[in-house]
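Comments concern the structure below.
The values are calculated or read from the model by the stated rules, or taken from the named source; none is laboratory data. Everything numeric in this text was worked out from a predicted model, so none of it was measured. FYI the Cβ positions are ideal-geometry reconstructions off the backbone, even for glycines, and counts take in every protein chain you see. Just the protein is used for accessible areas: all its heavy atoms, side chains included, with ligands, DNA and RNA removed. Shrake-Rupley method; radii C 1.70, N 1.55, O 1.52, S 1.80 Å.
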Amino acid sequence: MLSEEEIDTLRNKSIESLSMSYSPYSKFRVGCAILTESGAIVQGANVENASYGAGVCAERATICTAVNQGHTRFKAIAIASDLKDEFITPCGICRQFIREFGKDTPIYMFKNGVEGTFHMTLSQLLPHSFGPEQLN
Ligand SMILES: [Zn+2]
């Protein structure tokens, strides 16, 4: 369970991360902030490519940064977009990518400039998932 302060931090950092987005084609910015078990915040955003399919979502870009910095245990993952009417949710590929690092990871979703949050665990977003345990 996150504190209100941690949720506020994730909100602010995920929205702040929108400015890091490289999305010249879709103009669809997604920001991500990960709170690691050690208390660090890792930020990232989506990175598009002229070869559209080569683009990387904010969640995967940020997880790669976190893992490369030595963080593999996440207390929560937050994402934000400029959508005003609905909360951004992780795409299917990102749900599987997050799954690698924990099936009960809380995912907090935010709207830029609109109050409120929506949160679910990874296992709610990706039930009956395949993960590292199956390979042991
Ligand atoms: Zn994605």
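Worth pointing out:
- Pairs, first at negative phi and part of a loop (DSSP other than H, G, I, E, B) in the stretch 108-136, second open to solvent by less than 50 Å² (accessible area, probe 1.4 Å) and of a type in the set (A, V, I, L, M, F, W, C), C-beta under 7 Å, six or more apart: 112/15; 112/18; 112/80
- Filtered residues of the stretch 1-22 (kept if more than 17 Å from residue 47 (Cβ to Cβ) and part of a helix (DSSP H, G or I)): 4, 5, 6, 7, 8, 9, 10, 11, 12, 13, 15
- Any hit, the stretch 65-74, residues being in contact with a helix residue (DSSP H, G or I) (Cβ under 8 Å, 6 or more places away or on another chain) and closer than 21 Å to residue 12 by Cβ: yes
- Consider the stretch 75-92 and keep the residues that are crowded, with 23+ Cβ neighbours inside 10 Å and farther than 18 Å from residue 23 by Cβ. The one that is nearest to the ligand (Cβ to nearest atom) is 77.
- Hey, residue 21 in contact (Cβ under 8 Å) with a residue 60 or more places away in the chain and open to solvent by less than 60 Å² (accessible area, probe 1.4 Å) or not: no
- Residue check, residue 130 within 14 Å of the ligand (Cβ to nearest atom), farther than 20 Å from residue 20 by Cα and of a type in the set (Phe, Trp, Tyr): no
- Considering the stretch 47-70, and only residues there that are away from the ligand (no atom under 13 Å from the Cβ), touching a Phe, Trp or Tyr at 6+ places or on another chain (Cβ under 9 Å) and in a loop (DSSP other than H, G, I, E, B), the residue that is farthest from residue 36 (Cα to Cα) turns out to be 50.
- Subset of the stretch 37-46 that is more than 14 Å from the ligand (Cβ to nearest atom) and not in a loop (DSSP other than H, G, I, E, B) - its residue that is least open to solvent (accessible area, probe 1.4 Å): 42
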